[in-house]
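We did not get these values from a lab; they are worked out from the coordinates using the rules stated. Keep in mind that what you see is a predicted model, and the values were worked out from it rather than measured. Quick reminder, even Gly has a Cβ in these numbers, built from the backbone with ideal geometry, and neighbours come from all protein chains shown.
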Amino acid sequence: MKKALFLSLAASVLTVSAVAHAFDKGPLKIDHPWSRETAAQASTGAGFLSIQNYGKTPDRLVAIKSSISDDVQVHTMTMEGGVMRMRELKNGLTIPPGGEVKLQPGAEHIMFMGLKGPIKLGEDFTATLVFERAGEVEVTFKVEPAGAKPAAGHQH
Amino acid sequence: MSLKTIQVALWALAAAAAIALPIAYLSQTPVTQRSSGVATVGGPFVLTAANGQPFDSKSLVGKPYALFFGFTHCPDVCPTTTAEMTGFLGELGDKAKDFRVLFVTVDPARDTPEALKDFLSSFDPRIVGLSGSQEKIDAVVRAYGAVATRVDLDGGNYTMDHTASVFLFGADGRLVSTLDYKENPTVKLQKIKNLLGV
């Protein structure tokens, strides 16, 4: 019941389309990279995705390259006493064997700093994820509306 | 729930009670003396709205309002909160016609009124973006018991640590409640409905 209420409300706010897309690289599966439309003058954008590791060894996302901005970082987001703090994950993001890491609003996320232009609805863009073991993989970020939330029922 | 979990939970409850009861007892008498009945959160301010016009908090008198802090270079929490408020306003429709929603930037150096206007163009037009001199913004942040701290990032950029709660004020200007970022949206909407009496 509680869940149903939450889902209906989440849907009424703004929900990312449930149409999924995924990318494979070795034992890694990168699921549904998406971003949010930004305002015309914005210089910062966010990216979200999840990574599953079907392998037996941990891997690490060490860098991200994209043509939309020169500086791409992975940030953590924490809330302490109602205060939001964002910090760069300088040593990269570890994906444990048999595990999944979700980059989503209100948690770890990708920051595109110094955007060369606004991120626009309907203009999906690509980025290259660099993993310590699996190497490089190019993925496409789907652009969703400005305040979009992850699709509540989006599971694999 | 396993037996072990229940045991742990019971011990945690007992421990919490052991701490809370003496505190409740000790604080019993002073509470009545401390309560002055006057809101200590908030205060008058004059800032600049996203349309470039001065915005005087006097214009809020007699109307319930929500106020939250943010900055436009924040691509995660700030658009989420702004979008959520947009959703609530949409859901409330005319019932929210006397309800004001204020977005106060904690980054006036980058968030000029124009930048705020640009950022807010994606959201409900009833949300008022406010900027001002660093001194004025600092004073508002202090008056609302909020926190805003600049944190430098590699590559010359910076981010702002800031209070992410939404403050809800009644028509009498008193703080009624706050919306926590992690709170269930249903609860948040209900708190706003309670505030508006709808």
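Please label the shape of segment A:67-156 as rounded, prolate or oblate, based on the square roots a ≥ b ≥ c of the eigenvalues of the alpha-carbon gyration tensor (a/c under 1.5 means rounded; beyond that, a/b larger than b/c means prolate, else oblate).
rounded
For peptide A:65-71, compute the average count of partner chain beta-carbon atoms within 10 Å of each residue's beta-carbon.
Details: counts 0, 0, 0, 0, 0, 1, 5.
Across A:65-71, the average partner-chain Cβ count within 10 Å equals 1.
List, in the order given, every pair from B:K58/B:K117; A:K102/B:K188; A:K116/A:K142; B:K58/B:K97; A:K90/B:K191; A:K116/B:K58 whose Cα-Cα distance in the structure shown is over 29 Å. Write down the numbers at each step before the final one.
Working: B:K58/B:K117 22 Å; A:K102/B:K188 25 Å; A:K116/A:K142 18 Å; B:K58/B:K97 18 Å; A:K90/B:K191 39 Å; A:K116/B:K58 41 Å.
In this structure, A:K90/B:K191; A:K116/B:K58 exceed 29 Å between Cα atoms.
Through the Karplus equation 6.51 cos²θ - 1.76 cosθ + 1.60, θ set to phi - 60°, convert the phi angles of segment A:104-116 into ³J(HN,Hα) values in whole Hz; use x for Gly and Pro.
8, x, x, 8, 4, 7, 8, 10, 9, 9, x, 4, 7
Partner chain Cβ atoms within 10 Å, averaged over the residues of A:100-111 - can you pull that number for me? Show your work: numbers first, answer last.
On the way: counts 0, 0, 0, 0, 1, 6, 6, 1, 1, 3, 2, 7.
Across A:100-111, the average partner-chain Cβ count within 10 Å equals 2.
Could you derive backbone 3J(HN,Hα) for segment B:44-50 from the dihedral phi with the Karplus parameters 6.51, -1.76 and 1.60 (θ = phi - 60°), listing whole Hz in sequence and x where the residue is Gly or Pro?
x, 7, 10, 10, 10, 6, 4
What is the packing order of peptides A:102-114, A:22-34, taking the mean over residues of other C-beta atoms within 10 Å and listing the highest first? Kindly include the intermediate steps, with their values, before the conclusion.
On the way: A:102-114: 20.1, A:22-34: 18.4.
Final packing ranking: A:102-114, A:22-34.
When DSSP assigns beta bridges and you keep just the ones with both residues in segment A:20-156, what percent turn out antiparallel, to the nearest 5?
Numbers: 46 of 49 bridges.
Antiparallel bridges: around 95 percent, rounded to the nearest 5.
Quick query: amide H of A:A63 versus all other amide H atoms, modeled in the peptide plane; which residues come in under 5 Å with a sequence gap of 5 or more or a different chain?
Here the answer is A:V130, since their amide H atoms fall under 5 Å of that of A:A63.
How crowded by other chains is B:149-160, given as the mean number of beta carbons from other chains within 10 Å of each beta carbon?
Partner-chain Cβ atoms within 10 Å, mean over residues of B:149-160: 4.
With a ≥ b ≥ c the root eigenvalues of the C-alpha gyration tensor of segment B:97-163, is it rounded (a/c under 1.5), prolate (a/b larger than b/c) or oblate?
Details: a/c = 2.11, a/b = 1.36, b/c = 1.55.
Oblate.
For a test of the definition: using alpha carbon positions, the gyration tensor, and the 1.5 limit on a/c, classify segment B:58-137 as rounded, prolate or oblate. Walk me through the intermediate numbers first.
On the way: a/c = 2.24, a/b = 1.34, b/c = 1.67.
Oblate shape, in that a/c is at least 1.5 and b/c is the bigger or equal ratio.
Measuring from centroid to centroid over Cα atoms, what is the spacing of segment B:152-170 and segment A:50-64 in Å?
Cα centroid of segment B:152-170 versus Cα centroid of segment A:50-64: 30 Å apart.
Can you sort B:R174, A:R36 by how many other beta carbons sit within 10 Å, fewest first?
Values: B:R174 14, A:R36 28.
Arranged by neighbour count, lowest to highest, B:R174, A:R36 become B:R174, A:R36.
Run the numbers on segment A:28-150 and let me know its relative contact order in percent, using alpha-carbon pairs under 8 Å that are six or more apart. Intermediate results must be reported in sequence, preceding the final value.
On the way: 313 pairs, mean separation 44.7, N = 123.
Result for segment A:28-150 is 36 percent.
For B:G129, list long-range residues whose amide hydrogen, built 1.01 Å from N in the peptide plane, is under 5 Å from its own amide hydrogen.
So B:G129 has HN proximity to B:A50, B:F103.
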